[in-house]
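Please treat every number below as a calculation from the coordinates, not as lab data. Every value quoted in this text rests on a predicted model; they were computed, and no experiment measured them. Cβ sites come from the backbone with ideal geometry, for glycine too, and all protein chains shown count toward neighbours.
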Amino acid sequence: MPLEPVSQALLAQLAEAGGPAIHESTPAVARLNGPVMAGLSGRGPAVAAVRNLKLEGEGGRFRVRVLTPAADARGIVVYFHGGGWVLGDIDLQYDHIGRRLANLTGSVVVLVNYRKAPEHPFPTAVEDSWTALRWVAEHAAELAPAGVPLVVAGDSAGANIAAVLTLRARDRGGPAIGYQVLVYPVTDCDLETGSYRAAENQLVLSRDTMVWFWDHYLPDVAARTHPDVSPLRAASHEGLPPALVVVAEFDPLHDEGVAYAEALRAAGVPVVLEEAEGEMHAFFQMIGILPGAETGLKLVADHLTAFLESGEGA
């Protein structure tokens, strides 16, 4: 199906407004778009409690935000935001998503504001996120009722981090992750897939923009094949937690998301692959801007709720 009409209108407005594309900007200039998009999305719903904490990462500190629903939590979701490892934060662009997920799923949601490239290139984002995941696991009894499942989730570069951490947790004997939610994940460093090259996919996110992100995150091209960067290239995907993988129809990352779901399924991991027809990359975070954002959020919440109600992973 064609790109949905509201997305088409948004792209036309952005083109009319002018300004450089992300890949023609510096990180500092590209980050100025955050407040604009946040203003369009508006504030998220109220939750029962909000805690802002600082954790100690290697060479510096980073923030996490704990969002608690009104009722006793059924799970803990650690969410890693998107933005190509360069953009995005838990204040302007992802607080509203965390709040909605907390209320829709009855889960404690922990947003991780890992440090960004190029100021903090790979492996800082992964190591900060690993520190956050272990902190959540160690303090789980303080965050939610004992024994509730631990879930990792993220979109785009954040979904890359979530996938990487499931591999690391498996290989290091924990923390025990019950479920993973990967929304249009970066799973490989191959920039020559069909969806990367498709002209119709060069929209909010283009191949040129992904080159820009990769060059800031990990300039050493040869090093990008490591599973901590390209989880699709892990030697084995056996023993990983069940997964929901969501891909957008018009997205350079489409094919690698499908490939990751297929790799998990081939390894015996229960997987649900959902394609958001008519949607482009970044639709999931555009609450109040694109109608597909609410649809996508409900899809994720419904799958996550079904998992939590199943009693698996507890």
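Annotations for the structure displayed:
- Unit charges on C-beta of K, R, D, E only; dipole of region 214-304, Debye: 260
- Residue of 180, 93, 13 that the Gaussian network model of the chain assigns the largest fluctuation, springs spanning Cα pairs under 10 Å: 13
- Ellipticity estimate at 222 nm from DSSP helix runs (n ≥ 4, -39,500 (n - 2.57)) divided over the chain, nearest 500: -11500 deg cm²/dmol
- Selected from 78, 221, 204 as most flexible by GNM, with the chain as the system and alpha-carbon contacts under 10 Å: 221
- Dipole of region 5-308, positive end: most advanced residue of 246, 186, 147 [Cβ charges, Cα centre]: 147
- Given charges at beta-carbon only (K, R positive; D, E negative), |dipole| of the chain in Debye: 1020
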